[in-house]
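Following: one structure in structure tokens, then a few remarks.
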Amino acid sequence: MTAGVDKYRHAFLIGLQSGLVYRWNFAVRAFFSLFQLVVVFVLWGAAFAGAARIGGFDFDQTFTYFITTLVLQFFVGAFNEDYQISEEIRNGLINSFLLKPINYFLYRLSIFSAARVVSGALVLVPLAVIVPLLVLHGRLDLPHEGWRLALGAPALALSALIQFSIAYCFGLMTFWFLEIQGFVILSLAIESVLGGQIFPLDLMPARLFHAAQFLPFYYQIYFPAAIFTGRIGRAAAVQGLGLELGWALALVGLAQFLWGRGLRRHTAVGG
């Protein structure tokens with residue numbers, strides 16, 4: 001068992017080294033993400049110009065939500081894992097994994113986790129500058145209940161697993177399709193809307209919001225962000241955590257199914 005764990009620990013360290021080599025890519029992404037906050041500040045500032053509260057929340061609470069979603073995305077977002085997996089399949093590099101006692105899903109998950117450590121650490125640098133300014137001007141409004149951290153931490157971990165599993169499944173589509181870009185772009189568009197990155201999902205009509213809670217996109221960013229920023233209560237958080245766990249297990253199962261079916265179609269050429 002120790003030897004098995006050690007394999008993925010080494011994969012994690014390799015991913016960490018690779019992330020540090022390309023640290024400027026993450027740093028530039030984090031820097032330019034600050035412009036997104038400027039756009040959010042301007043647009044939602046205009047929306048709140050005619051109303052003190054929208055959907056039961058004021059401007060500071062809404063702005064805090066978008067800051068939280070932006071930060072969490074660097075810790076759990078699957079930025080290009082689908083394309084990396086697709087490249088390894090198309091170029092035959094995946095063949096080497098078929099001859100070794102290593103689980104490809106766990107290997108890629110280790111690489112993904114290492115990359116999120118690097119990108120998450122780098123996004124903290126600009127935050128160290130802007131957060132004190134926001135606190136000074138009273139723009140951050142985070143709740144302080146202890147249970148939010150206790151439930152938010154596992155929700156964030158499951159969110160990362162869901163995002164990775166979806167990207168992994170799209171990468172495996174290369175077994176059937178030569179190009180997966182269309183699928184990925186469509187998925188990103190859906191995730192942006194139903195994941196709460198464009199607007200808080202609780203602003204949707206009640207029926208649509210209720211339906212969204214039964215989709216995996218709800219748990220990618222909105223759910224953990226809603227816990228940390230006080231947009232949902234404890235009962236809803238506990239119930240949502242159970243549904244999120246169910247989606248994580250279902251997507252991991254789907255990933256293993258696609259892997260098995262894909263290998264039946266795979267011809268080991270190259271690598």
Check your understanding: Along the charge dipole of the chain, Cβ charges K/R +1 and D/E -1, which of Phe48, Leu124, Ile85 sits furthest on the positive end?
Key -> Ile85
Review point. Percent relative contact order of the range 74-183, based on C-alpha pairs within less than 8 angstrom and at least six residues apart?
Key: 59
Check your understanding: Dipole magnitude of the chain about its Cα centre, charges +1 at Lys/Arg Cβ and -1 at Asp/Glu Cβ only, in debye to the nearest 20?
Key -> 460
Exercise for review: Answer with a single label: of [x] 50, 47, 40; [y] 62, 40, 37; [z] 56, 55, 37, which was calculated as Cα extents along the principal axes in Å from the structure in view?
Suggested key: [y]
Exercise for review: Quick one: order Asp6, Asp82, Asp58, Asp202 by neighbouring beta-carbon count within 10 Å, fewest to most.
Suggested key: Asp6, Asp58, Asp202, Asp82
Exercise for review: Could you go through the range 226-238 in sequence order and give the Karplus-derived ³J(HN,Hα) for each residue, using 6.51 cos²θ - 1.76 cosθ + 1.60 with θ = phi - 60°, rounded to whole Hz, and x for Gly and Pro?
Suggested key: 5, 5, 5, 9, x, 7, 9, x, 5, 4, 5, 5, 5
Review point. By how many degrees, between 0 and 90 and to the nearest 10, does the Cα long axis of helix 181-194 differ from the longest principal axis of the chain?
Key: 30
Review point. Counting pairs of alpha carbon atoms under 8 Å apart in space and at least six apart in sequence, what relative contact order in percent does the range 2-265 give?
Key: 27
Check your understanding: Which listed residue (Gln36, Gly262, Trp147) has the Cα farthest towards the positive end of the charge dipole for the chain, taking +1 on Lys and Arg C-beta and -1 on Asp and Glu C-beta about the Cα centre?
Key -> Gly262
Review point. Going through the range 126-222, which GluC sites (Glu not before Pro) have at most 15 other Cβ atoms within 10 Å and a DSSP loop state?
Key: Glu145, Glu179
Review point. Could you state the number of Å between the C-alpha centres of the range 228-270 and the range 102-126?
Key: 17
Review point. Once the Cα atoms of helix 23-47 and of the chain are each reduced to a long axis, what angle between those two axes, in degrees from 0 to 90 to the nearest 10, is obtained?
Key: 30
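Laboratory data are not the source of any read-out in this text; all were calculated from the coordinates shown. Keep in mind that what you see is a predicted model, and the values were worked out from it rather than measured. Every residue, glycine as well, gets a Cβ built from its backbone with ideal geometry; the counts of neighbours run over all protein chains shown.
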